[in-house]
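> One structure is given below, represented as structure tokens, and several questions about it will come after.
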């Protein structure tokens, strides 16, 4: 027997690589553990293995796999490249166009699924009429399952207090604003952050000494437009020698200073919610061309 290089490629159904998947390698019977690796941004994990038959298991939160998969490592000149299909969790959709299906996973302090976590949902609005039906106040109790998963349908655009029970009489209380969408990630609703900025016009070009007004729309991590442009985002210009930036209550004013290019930058003001991975705001930096 010989040792051969082995590449495991993990991809979703569209062929996109799936990073951060833990790949564990066992003997054919799955009784003896040999080694493990984590896929990179290219969805690839690499090993050096003997020419044997192996069983492999795959782990990533909110991603499903066929478990286990068996692979035979062959001697050179054979190439040992194995494709592994992954099925990332997709948010379920509400069937009622007036409702949003809010779903997601919860973990405990050790990172394990938060099983049987109780939540109490209390509407923060007076009784209203929804297509002729009376919406009366009350309380809805939901609980995560053994995988830490929960889902509930809520009225689009509605505001709800959510009490998450902890140990004893303590609980965490959060105000949730439901987006106008068929689905939403419940944890993002509980702990929203700035998610995206969309600019109008989409292409920002100005002449030297010219002035251009730009309207940015700021969205949170569940896709709700936020009020104003200054309470959630800190704006700046990357190179003020090329263009200057004035910040109004709902518009940015770009003034050309010299021929060249620079970027409009935006940073989250509220950094109290820590996300891993800490993804940047979509849509920035935004290119500015001065002619």
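Computed from the coordinates by the stated procedures, all read-outs in this text should not be read as laboratory data. Since the model is a prediction, treat every value here as computed from it, not as a measurement. All Cβ positions, glycine included, derive from the backbone under ideal geometry; neighbour counts span all protein chains shown.
> Could you put 176, 100 in order, starting from the residue whose Cβ has the fewest other Cβ atoms within 10 Å? Provide the component values of the computation, followed by the final result.
Details: 176 22, 100 26.
Ordered by Cβ neighbours within 10 Å, fewest first: 176, 100.
> Using Cα-Cα distances under 8 Å and only pairs 6 or more residues apart, what relative contact order does the chain have, in percent?
12
> Within 10 Å, count the other beta carbons around each residue, average over each peptide in 270-282, 12-24, and list them highest first.
12-24, 270-282
> Just the projected area, averaged over all directions, of the convex hull on the alpha carbon atoms of the range 235-291: how many nm²?
If I average the Cα hull's projected area over directions, I get 4.6 nm².
> Right, something else. Can you sort 116, 161, 235 by how many other beta carbons sit within 10 Å, fewest first?
Taking fewest neighbouring Cβ atoms as first place, the list is 116, 161, 235.
> Rank-order 73-79, 102-108 by packing density, defined as the average count of other C-beta atoms within 10 Å over each peptide's residues, highest first.
Values: 73-79: 11.9, 102-108: 18.7.
Averaged packing, sorted descending, gives the order 102-108, 73-79.
> Based on DSSP H runs of at least 4 residues, each adding -39500 (n - 2.57), what is the mean residue ellipticity at 222 nm of the chain after dividing by all its residues, to the nearest 500 deg cm²/dmol?
-500 deg cm²/dmol
> Stokes-Einstein at 4 °C, 1.567 mPa s, Kirkwood radius from Cα pairs: D for the range 3-88 in µm² s⁻¹?
Diffusion coefficient, whole number: 101 µm²/s.
> Ranked highest first by average number of other Cβ atoms within 10 Å, how do 150-156, 64-70 line up?
Top to bottom by mean Cβ count within 10 Å: 150-156, 64-70.
> Okay, next question. Calculate how large, on average over all directions, the projected area of the Cα convex hull of the range 99-191 is; give the answer in nm² to one decimal.
Averaging across all directions leaves 6.1 nm² for the Cα convex hull.
> Note the direction-averaged projected area, equal to a quarter of the hull surface, for the Cα convex hull of the range 195-290, in nm².
Quarter of the Cα hull surface area: 5.9 nm².
> Among 171, 219, what is the fewest-to-most ranking by other Cβ atoms within 10 Å?
Going from least to most buried by this count: 171, 219.
> Turning to a different aspect of this structure: Once the convex hull of the C-alpha atoms of the chain is built, how many Å³ does it hold per residue, rounded to a whole number?
Output value, Cα hull per residue: 193 Å³.
> Roughly how many Å is it from the Cα centre of the range 51-75 to that of the range 156-219, as a whole number?
Value for the Cα centre distance between the two parts: 39 Å.
> I'd like the distance between the alpha-carbon centres of the range 83-127 and the range 231-256, rounded to an integer number of Å.
37
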